Amino acid sequence: MLSVLRVHLPSDIPIVGCELTPYVLLRRPDKTVTTDDVPESAPLDGHFLSYKWCRIQSDKKVAVCSVHPSEQATLQCLGCVKAKIPVAKSYHCSPKCFSDAWQHHRVLHDRAASAVNENGNEEEEIFGRYNSSGSGVINASLTGSASSTSLTNGSTPLYPAAVTQRSGGETWFEVGRSKTYTPTADDIGHVLNELYSYCPSWALSWPYRRQNLLREIVGYRADIVCLQEVQNDHFEEFFAPELDKHGYQALYKRKTNEVYSGNIHTIDGCATFFRRDRFSHVKKYEVEFNKAAQSLTEVAVQTTQKKAALNRLVKDNVALIVVLEAKFSNQGADNPGKRQLLCVANTHVNVPQELKDVKIWQVHTLLKGLEKIAASADIPMLVCGDFNSVPGSAPHSLLAMGKVDPMHADLLVDPLAILRPHSKLTHQLPLVSAYSSFLRGVGLGLEQQRRRMDPTTNEPLFTNCTRDFIGTLDYILYTADSLTVESLLELLDEDSLRKDTALPSPEWSSDHIALLAEFRCVPRPRR
């Protein structure tokens, strides 16, 4: 018979006006597997596919943080409420979150004050109508569209009523029965709109973003590409096959899903690509921080605290470490025929801001793993990723300086004592941030780049730029005893990005800017 092996949407974010087509994998009666549709007009052994699209409306009202949308809000800025600023922008997940975001958050207040001055009593009238509208506009739950695929034998079945009450406080509204569906404004919940409302909906759609991202990536002509937050199905169905056409081999590590409760096909991970004409793949290491957390709690946490410790430490984050061999050589005549290996680490440390101990522990765990690789082979290293850590934070200090000041404020958050003694927060890798070279170099054009650097931290002023946050979270680090920086991709300036308010935008389809460095291997000093 006809069997459905797999079905999911190409994106879990519906965009107004952008058609959705579900990915359906079928097994035919002859056991072959296909993605071809089987419509009612051409059934197989009397079976065909039928589709029903439903809009899910949650009856639960949950406020989410305006800065960290994956976190539930715990406080609200009353200044925003008084200034008639859209309510979603007033929520924060912690006092620290609110304090860190204040520099950019206050701009909302200033704009609202300017609007009052320009419009006079008109704002008061709007606020009055807003107040009388009840709590409906405060609903922060994401309203999405879902597709169900069913097998039908014979005639088209009778569907239930258009409105079906489901358990868990959700109501399903039928909105279509064709294979494809084009979301309308009624389908879009305000979480996405509020997070990136400054970006046109068409520029947020995956069909647009994927082509824009591909064009940008291919245009850099990099030998090695490290991407984070790559959705599993986006990797399998787009990035891997498309970059293969441009000569790249792909490696991927999906995040674990002990915490994640969504569609397994839309969970994200880290992807590393390398040009097949420049490198060959030697070895791959996969770091699952959940497993490291299990090991840590077994030996370092009291039995009564194990469950609480795992709840704090398990965040599904991963790292992908790849060892490559160069198909070219710049070793010179002194080392003819010597293999030129390169180790590339790629990670995304996605941890809530208040769990500083967990973030430091994950970075330390990764570095200790890299130290073991370095001890087993004479190999240059690159460490790339979104560490969600600003310059000067403890994770950044550990990465770029090799140690953390025992008096660093981040170390005060350590309820499980996993960072003690603080003297262990070191590593022996000679890592240096690639972009710090901008502050050391001389030459035409460097002065402009220096203005886009923070001289107090030797890092870019920002790598992440949204409406409510701007700062540096991403880094390329290299082992300075075996590699030297030859050139760097110029940094974008904030003014050019602010013309579209922030990232993402129609021009740039990520909320992070790209970092790119060209390296040359140098002989290690004799020991």
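The values are calculated or read from the model by the stated rules, or taken from the named source; none is laboratory data. This one's a predicted model, so the numbers in the text were calculated from it and none came from an experiment. Because the Cβ atoms are built from the backbone with ideal geometry, glycine has one as well, and the counts that use them run over all protein chains shown. For accessibility, only protein heavy atoms count, side chains too; no ligands or nucleic acids. Shrake-Rupley method; radii C 1.70, N 1.55, O 1.52, S 1.80 Å.
By definition, a body whose alpha carbon gyration tensor gives a ≥ b ≥ c is oblate when a/c is 1.5 or more and a/b is not larger than b/c, and segment 191-321 fits this oblate description.
Placing unit charges on the Cβ atoms of the charged side chains and taking the dipole of segment 201-521 about its Cα centre, the candidate lying farthest along the positive direction among I470, P241, Q448 is P241.
Annotation: per residue accessible area for segment 201-521 equals 45 Å², rounded to a whole number [probe 1.4 Å, protein chains only]. Set the bar at 24 Å for Cα to Cα. Now go through K284/K315; K306/K403; K315/K356; K372/K403; K306/K359 and name every pair that lies beyond it. In this structure, K306/K403 exceed 24 Å between Cα atoms. Model label sites at Q76 and T501, defined 7 Å from Cα along the beta-carbon direction, differ in position by 2.2 nm. For E229, the solvent-accessible surface computed with a 1.4 Å probe is close to 100 Å², ligands and nucleic acids excluded.
Of the solvent-accessible surface of segment 201-521, computed with a 1.4 Å probe and all protein chains present, 51% belongs to carbon and sulfur. Relative contact order of segment 201-521: 15 percent, from C-alpha pairs under 8 Å at least 6 residues apart in sequence. Protein-only accessible surface at a 1.4 angstrom probe places the residues K338, K255 in the order K338, K255, largest first. Ranked from largest to smallest solvent-accessible area, with a 1.4 Å probe on the protein heavy atoms, R450, R106 come out as R106, R450. Largest to smallest in accessible area, the residues M401, M381, M407 fall in the order M407, M401, M381 (1.4 Å probe, all protein chains included). If a/c stays under 1.5 just call it rounded; otherwise compare a/b with b/c (prolate if a/b is bigger, oblate if not). Do that for segment 201-521, with a ≥ b ≥ c from the square roots of the Cα gyration tensor eigenvalues. Rounded, because the longest to shortest axis ratio a/c is under 1.5. Across segment 352-451, the mean sequence separation of Cα contacts (distance under 8 Å, 6 or more residues apart), normalised by length, yields a relative contact order of 31 percent. Computed with a 1.4 Å probe over protein heavy atoms only, the accessible area of L503 comes to about 0 Å².
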